[in-house]
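Accompanying notes for the structure given below.
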Amino acid sequence: MDDDIICTEKIIADRKTFYIDLKANARGRVVRITEKVSSNRDRIMVPAEILDDFIAALEDIRKANNEEA
């Protein structure tokens, strides 16, 4: 069964492009984050059920970064 994309976002930063996709498959939902630089791609998969924890961790990192700036 092919994955179905429910929602997708694209972020462009300098030479990099990030794709953030919410996908569904037979095992459930997952957020796939793809970093594309030239012809190279790296991906991570985050289970949708831990998305709130993942976002909270990113917010903590953003806060720490802003405090250092």
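Take E35 and decide whether it is modelled with pLDDT of 95 or more and in a helix (DSSP H, G or I). Against the criterion (modelled with pLDDT of 95 or more and in a helix (DSSP H, G or I)), E35 does not qualify. The number of residues in the stretch 43-57 being within 11 Å of the chain's Cα centre (by Cα) and open to solvent by 40 Å² or more (accessible area, probe 1.4 Å) comes to 7. In the stretch 44-69, the residues that are touching a residue at least 40 places away in the same chain (Cβ under 8 Å) form no Cβ pair under 8 Å with any partner that is open to solvent by less than 70 Å² (accessible area, probe 1.4 Å) and assigned to a helix (DSSP H, G or I), whether six or more places apart or across chains.
Okay, residues lined up against (1) touching a Gly at 6+ places or on another chain (Cβ under 6 Å); (2) modelled with pLDDT of 95 or more; (3) among the hydroxyl-bearing types (S, T, Y); (4) assigned to a strand (DSSP E or B):
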residue	(1), (2), (3), (4)
T8	no, yes, yes, yes
V31	no, yes, no, yes
R43	no, yes, no, yes
L51	no, yes, no, no
I61	no, yes, no, no
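Reported count of residues in the stretch 1-34, each being open to solvent by less than 80 Å² (accessible area, probe 1.4 Å) and over 18 Å from D52 (Cα atoms), is 8. Note on the stretch 58-69: among residues that are open to solvent by 100 Å² or more (accessible area, probe 1.4 Å) and aliphatic (A, V, I, L, M), the one that is nearest to K10 (Cα to Cα) is I61.
The values are calculated or read from the model by the stated rules, or taken from the named source; none is laboratory data. Please read these numbers as outputs of a predicted model, since none were measured by experiment. Ideal geometry is used to build each Cβ from the backbone, glycine not excepted, and the neighbour counts take in all protein chains shown. Ligands, DNA and RNA are excluded from the accessible area calculation, which covers all protein heavy atoms including side chains. Shrake-Rupley method; radii C 1.70, N 1.55, O 1.52, S 1.80 Å.
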